[in-house]
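Novice: First the structure, then my questions, so here it is.
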Amino acid sequence: MALPKTNPTQTQAWKKLEDNFNQVKELHLKELFAQDADRAQKMTITWEDFLVDFSKNRITNDTLELLQELAKEVKLDKAIEAYFSGEKINETEHRAVLHTALRAKENDTFFVDGKNVMPEVYKVKNKIKTFTEDIVNGTRKGYSGKPFTHIVNIGIGGSDLGPAMVVDSLQYYKNNLTTYFVSNVDGDHVNEIIKKINPETTLFVIVSKTFTTQETLSNANTIRAWFLQHASEEAIAKHFVAVSTNLEKVQEFGIEQDNIFPMWNWVGGRFSLWSAVGLSISLSLGYQHFESLLSGANKMDEHFKNTSFDKNIPVVLGLLTIWYNNFFNAESEAVIPYSEYLGKLAKYLQQGIMESNGKYIDRNGSKVNYQTGTIIWGEPGTNSQHAFFQLIHQGTKLIPADFIGFAKSLYGNQDHQDKLISNFIAQTEALMNGKTKAEVMQEFEGSDLSKSEIEKLAPYKVFEGNKPTNTLFIDQLTPESLGKLIALYEHKIFVQGVIWNIFSYDQFGVELGKKLAGEILKDLQHDAISKHDGSTLNLIKFYKANN
């Protein structure tokens, strides 16, 4: 069963939403709360250790019902069924999209081309477990007999962003191994990492599905050459492992077959941290924490698959993005985690969301006549309050924001946690209510300013408010809760892609620049220069003149 192919703007629900938008667009959130004392309760979903409050959105009950009607009209339910059943919903690449199988229970069944892939998934998981335990316990040692102390993950895109984000987010749970990530082909990057490691005690994990990715192979070969300055060719087998499908290329590099962890083409790179791509996660945190991460994601999978749309967290959040993107013309969304641990979350979601849904051709092969995709950005609070919040509060752009907070801290410093969460809650209240001119004038009472000075200054201190936010309040940051959170956003991506009638799982947009880079590389390294536009030609000549 292929995905439905419905232009959302041609549905009855879309036309009703346009009418509803005209009724709602000038309403203030303060009015909506004044009209319904139970609004917060009605627009909050509690599930396991998650509380999701979406009441501070510029919607009415009618809006919510119409958004759910839209989801039904484009057959989101059938799409979810196809998503989980192994149908080749990545039609442009003729692949299934089954990262959900990687975190499923062992007795579950997921079929690809008529074959249940779960035995293969668990075979790889057991290999990850055994390998992790051998490295962490010191059973498996380096070429000089010393146990490993450092891990270097070499990859790019999903082979870097996912593992790096998780390891960073869960550093509280880390073991004795120190982990670094090399991704950029910038030679300064890899050399800065080399300065920090000892060849005798470092394990290198090369992550590349094809083992041909330019950035990854360049970094891997640079590290290999450095390593061979200190050790023999035979030592490569002890210090280098690969996550790849290209056995021949990996073995040419010097990596033994036993040290190759397989991948599958039904797992997209930006959804691959749950697979052997997550080997560095397992090594950094220990296998049990990696397993807990997978378990959390699986729980969110079950919630998404089995919950009615009105109580389904990814569905509700996905529909709200449609509402702001396609009716309010809001082009970006901010993700603000009130945890320094989640400093890389927005960066990770940028790839997941913008690479998936940055498409202008629909599933019928036609150019869309509506906006798809959203620009994702953000940083942890409270730091971001002292940076870009000015734009959200008083700028001219409407920027919906997700606020993510944890009720309990990990180190138990209650004073710090109280201050953190007071800011977390206060910002959504301030964004909703704003500050009226009357309230500003009241603040000036008793000041030394003259009446004319107050009148002149007052407009600058007014906040319109009515800025929409979602609040995701989670009990505590654990491997399991992080797994749930990541899977939530994965399924939100899916919901949006289904409604926008686009293929979310190919990524052809990243390929043209890579192809041209290969051609320009020849121009940089040889005397002859191929044909280019005037600007590109000037840039090539400038580089060659300075090298």
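The values are calculated or read from the model by the stated rules, or taken from the named source; none is laboratory data. The structure displayed is predicted, hence computed values, not measured ones. Cβ atoms come from the backbone with ideal geometry, glycine included; neighbour counts cover every protein chain shown.
Novice: Gly343 - would you say it is in contact (Cβ under 8 Å) with a residue 12 or more places away in the chain, surrounded by fewer than 24 Cβ atoms within 10 Å (Cβ to Cβ) and closer than 21 Å to Ile392 by Cβ?
Specialist: yes
Novice: Report, by residue number, each residue of segment 294-335 that is without any contact (Cβ under 8 Å) to a residue 12 or more places away in the chain and part of a helix (DSSP H, G or I).
Specialist: Those that are without any contact (Cβ under 8 Å) to a residue 12 or more places away in the chain and part of a helix (DSSP H, G or I): Glu302, Asn306.
Novice: State the number of residues belonging to segment 478-504 that are surrounded by fewer than 23 Cβ atoms within 10 Å (Cβ to Cβ) and within 17 Å of Gly365 (Cβ to Cβ).
Specialist: The qualifying residues number 2.
Novice: Taking strands (runs of 3 or more DSSP E) that do not extend beyond segment 155-261, which have at least 3 residues that are among the aliphatic types (A, V, I, L, M)?
Specialist: 202-207, 240-243
Novice: A follow-up question, please. Against the definition (in a helix (DSSP H, G or I), in contact with a strand residue (DSSP E or B) (Cβ under 7 Å, 6 or more places away or on another chain) and modelled with pLDDT of 95 or more), how does Ser284 come out, yes or no? Show your work before the answer.
Specialist: On the way: in a helix (DSSP H, G or I): yes; in contact with a strand residue (DSSP E or B) (Cβ under 7 Å, 6 or more places away or on another chain): yes; modelled with pLDDT of 95 or more: yes.
Criteria met by Ser284.
Novice: Just one of (1) among the acidic types (Asp, Glu); (2) in contact with a helix residue (DSSP H, G or I) (Cβ under 9 Å, 6 or more places away or on another chain); (3) under 30 Å from Ile425 (Cβ atoms) trips up Glu69, so point out which.
Specialist: The single condition Glu69 does not satisfy is (3).
Novice: Only residues that are within 19 Å of Tyr460 (Cβ to Cβ) and touching a residue at least 40 places away in the same chain (Cβ under 8 Å): list them for segment 389-433, please.
Specialist: Across segment 389-433, the qualifying residues are Ile392, His393, Gln394, Lys397, Leu431, Asn433.
Novice: Further, regarding this structure: So, Lys514, is that one outside the structural domain of Gly373 (by TED's automatic domain parsing) and at pLDDT below 95 or not?
Specialist: Here the answer is yes, as Lys514 does meet what is asked.
Novice: Report, ordered by the first and then the second residue, all pairs with beta carbons closer than 7 Å, sequence separation of six or more or different chains, a first member in segment 436-448 that is hydroxyl-bearing (Ser, Thr, Tyr), and a second member that is at pLDDT 95 or above and surrounded by 12 or more Cβ atoms within 10 Å (Cβ to Cβ).
Specialist: Thr436/Val462
Novice: Taking the condition of being farther than 25 Å from Met432 by Cα and in contact (Cβ under 8 Å) with a residue 60 or more places away in the chain, how many residues in segment 449-484 meet it?
Specialist: 9
Novice: Assuming Asn364 fulfils every condition listed in (1) touching a helix residue (DSSP H, G or I) at 6+ places or on another chain (Cβ under 7 Å); (2) over 26 Å from Phe389 (Cα atoms) apart from one, which condition is it?
Specialist: (1)
Novice: Looking at segment 497-511 only, could you name the residues that are modelled with pLDDT of 95 or more and outside any helix (DSSP H, G or I)?
Specialist: Asn501, Ile502, Phe503, Ser504, Tyr505, listed by residue number.
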